[in-house]
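Undergrad: Shown below is the structure under consideration.
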Amino acid sequence: MRKSLTQRIGLGALGVVVALLFVFPTYWMITSSLKTPGQVLSPDYDLIPSAATLDNFVSALTKPGFTTYLANSLIVTLGAVLCSLVAGVLAAVPLSRMRFRGRKGFLLLVLVAQLAPFEALLIPMYLLMRDAGLLNQLPSLLLVYFAATLPFTCWMLYGFVNGIPYDLEEAAMIDGCSRAGAFRRVTLPLLAPGLVTTSVFSFITAWNEFLFAFVFMRDQNKQTLPVWLSSFRTAFSVDWGGIMAASVIYAVPALVFFILVQRKLVSNLTAGAVKG
């Protein structure tokens, strides 16, 4: 009993330490965004700002092009997430429910595509977009993010569909539902937690992408927020306070998206189940 209590205390202390290691960089970012440039660069760094200021946030929000960059990021990110979810469901359901030649090979191909570094495709995709006349256009960036998130979405949804008993669909079809109706009324509600999970990871992947947005979008009115973040650093100086404030602002949409969808994660866990 005493040993068990000691183990729990030790594991709890270890969990607190690990949590602090993850939370501290965020705390550092927030506190630095509330400091003046002199306080940020001071060798005597205060963990708690003695005099907080919102000047860095005002400077970041009034920086030219912020609203345009924000709108571009939301368009390409949400568009890529929506497209990858639709395509992922259309691919995962047949892969899970049907048996056909080449099925295992296709699954292996999806896994290999997920493991490959996406940056290695920068030059071929740039040449492809250039030849198609899609450079410096938001649809090209949306297609890139769609291609980047689709393998992960397909693989994750395949696992979630596999976890849903096919007997539930068969019971619905016996009761008079068509195959499509059984999927819509039974499988899709049960698949909602998987859709939420994959959408969160896909959103973060597309929202944080910098390299393709920087290379493909040369006009400032077509660039995204990660590129906007880099504008706080020039050849002669770095606005650390502005970068920290901009990073806080940059994290807000992703946090809001997670808060909105995480409610569905629990509420849909038992939706669509058959009453016994």
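Undergrad: Quick one: what Rg and Dmax do you get for the range 181-256 from the alpha carbons, in Å?
TA: 18.1, 63
Undergrad: Among Trp28, Trp155, Trp228, which one shows the biggest mean-square fluctuation in a GNM of the chain, springs joining Cα atoms closer than 10 Å?
TA: Trp28
Undergrad: Per DSSP H run of at least 4 residues, take -39500 (n - 2.57); add these up for the chain, divide by its residues and hand me the 222 nm value, nearest 500 deg cm²/dmol.
TA: For the chain, the value works out to -23500 deg cm²/dmol.
Undergrad: By how many degrees, 0 to 90 and rounded to 10, does the Cα axis of helix 103-115 deviate from the longest principal axis of the chain?
TA: Approximately 0 degrees, to the nearest ten.
Undergrad: Let me ask you something else. For the range 59-270, what is the convex hull volume of the alpha-carbon atoms per residue, in Å³?
TA: 145 Å³
Undergrad: Hey, got a sec? Which chymotrypsin sites (Phe, Trp or Tyr not before Pro) in the range 98-145 land in a DSSP loop and have at most 14 other Cβ atoms within 10 Å?
TA: The qualifying sites are Phe100.
Undergrad: Quick check: the angle from helix 2-33's long axis to the longest principal axis of the chain, C-alpha only, nearest 10 degrees?
TA: 60 degrees
Undergrad: What order do Leu11, Leu190, Leu225 take when sorted by accessible area (1.4 Å probe), most exposed first?
TA: I get Leu11, Leu190, Leu225, largest accessible area first.
Undergrad: Still on this structure: So how tilted is helix 122-131 from the main axis of the chain? Cα-based, degrees 0 to 90, rounded to 10.
TA: That works out to roughly 80 degrees.
The values are calculated or read from the model by the stated rules, or taken from the named source; none is laboratory data. Everything numeric in this text was worked out from a predicted model, so none of it was measured. Glycine gets a Cβ as well: all are built from the backbone with ideal geometry, and neighbour counts include every protein chain shown. Accessible surface is based on the protein model in full, side chains and every heavy atom, while ligands, DNA and RNA are left aside. Shrake-Rupley method; radii C 1.70, N 1.55, O 1.52, S 1.80 Å.
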